[in-house]
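Readers should treat all values here as calculations from the given coordinates under stated rules, not as data from a laboratory. Quick caveat, the model's predicted, so the values are computed rather than measured. Glycine also receives a Cβ, built like all others from the backbone with ideal geometry; neighbour counts cover every protein chain displayed.
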Amino acid sequence: MLHVVPAFDRIGEENAFAVLARAGALASEGRDIVNLGIGQPDMPTPAHIVEAGIKALRDGHHGYTPAVGILPLREAVASDILRRHRVTVHPDSVMIVPGGKVTMFMAILMFGAPGVEILYPDPGFPIYRSMIEFTGATPVPVPIREENGFAFSAEETLALITPKTRLLIVNSPANPTGGVTPKAEIDKLVKGLAEHPDLAVLSDEIYGTMTYDGEQHHSLLNYEEIRDRLIYLDGASKTYAMTGWRLGWSVWPKSLYDAARKLAVNSHSCVNAATQWAGIAALNGPQDCVTEMVAEFDRRRRIVVDGLNALPNVSCISPKGAFYAFPNISETGWKAKKLASALLEEAGVAVIGGPDFGVCGEGYIRLSYANSAENIRKALGLMNDFLARERAD
Ligand code: PLP
């Protein structure tokens with residue numbers, strides 16, 4: 001018998017992958033499946049970014065780079081932060097990582113241990129809880145409520161802090177709800193954090209470029225008073241449709257940077273060089289590809305929200321960010337995961353049950369609108385027929 005350490009009994013995953021695998025299996029049996037389960041843009045990476053990656057390979061960028069990433073890319077990240085958030089960060093505080101998840105992994109590894117509490121959003125990206133449990137720390141969910149527009153409540157978050165809390169994870173715009181936490185609420189949260197000076201904050205802003213209805217994304221980098229304990233997470237996966245390239249970046253406080261660098265040295269060595277050069281093209285190049293993609297998501301968002309609200313006993317608030325809708329299905333009588341499974345098996349529509357994002361996700365399902373308007377309309381029609389036809393058991 002092999003003696004794998006017990007931590008691996010506690011590590012979780014994204015159940016969305018299981019749904020996607022099942023959707024794939026059904027499709028390979030010849031079933032027509034509309035996939036609203038997947039959390040990645042359905043557009044290709046813009047051509048000028050692809051060309052920069054190809055050029056880098058042709059130019060001979062084949063070797064290791066510094067573990068923290070090449071300087072021109074770290075400078076491009078600093079410029080992006082200045083352009084979008086109007087905040088100055090030094091390129092030496094920026095780290096290039098293989099995807100947004102790696103920043104999460106590093107931050108949770110740094111603070112998680114038995115006896116420690118880590119606050120994370122529920123419903124939220126499933127890897128937060130999985131990683132917290134892996135470290136042996138106690139995951140403490142911060143409920144994210146529909147009545148707050150799926151924004152963080154500063155008051156509720158601050159009330160959960162105890163002397164054992166070491167890390168607070170914030171995510172806005174959010175997966176799976178599409179919620180955006182308004183500036184006033186973040187102001188309140190940061191003000192309250194003054195009373196907890198030893199608490200680190202991980203701000204997952206991977207959907208920061210994707211907001212709608214005039215809603216502004218407000219970065220936690222704006223708060224000088226917490227910069228010495230803030231880990232900022234961003235990356236190219238969503239903004240530039242680059243999920244498979246594996247390119248993320250983070251900004252670290254001085255006191256944590258070297259530990260993060262050593263984690264990189266001990267794990268992936270560096271992000272592959274060609275991807276880093278493609279990242280420079282993404283950040284320094286024209287941004288109309290981002291504007292166009294967000295406009296397209298906005299168009300689909302309206303179709304999804306209108307269609308969901310027309311379904312029997314379903315209601316959906318307008319998500320202000322990311323590319324997800326999180327309709328309330330509690331009035332249908334279905335349990336969320338049962339409904340998601342029945343929709344896939346019987347109606348041919350892949351969605352994710354809310355509880356896959358945490359216990360507070362019961363009563364909801366997540367739909368990604370990273371699919372064509374035509375497919376979204378088709379899925380809504382199939383869902384309508386299904387809900388009109390089938391009774392919850
Ligand atoms: N953070 C959130 C909230 C996400 O939804 C995702 C991906 O779905 C990530 C981080 C991870 O992004 P990446 O693919 O760059 O690792």
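Brief remarks on what is shown
- Based on Cα contacts under 8 Å between residues 6+ apart, the chain shows a relative contact order of 23 percent.
- Likely footprinting exposure, Arg229, Arg391, Arg366, Arg10, fewest C-beta neighbours within 10 Å first: Arg391, Arg10, Arg229, Arg366
- Pair Ser267, Asn375: separation of 7 Å Cα→Cβ label points (nm): 3.0
- Two-site label geometry, Arg86 and Asn222: point separation in nm, points 7 Å out along Cα→Cβ: 0.9
- Once the C-beta distance of Lys254 and Leu57 is scaled by a Förster radius of 25 Å, the resulting FRET efficiency is 0.15 to the nearest 0.05.
- Separation between Cα centres of segment 271-316 and segment 164-224, rounded to whole Å: 20
- FRET efficiency, Met43 to Asn284 (Cβ-Cβ, R0 25 Å, nearest 0.05): 0.80
- Distance from segment 376-392 to segment 31-79 (C-alpha centre basis), Å: 37
- Spin-label pair Lys164-Asn148: with each label point 7 Å from Cα along the Cα-Cβ axis, the two points sit 2.2 nm from one another.
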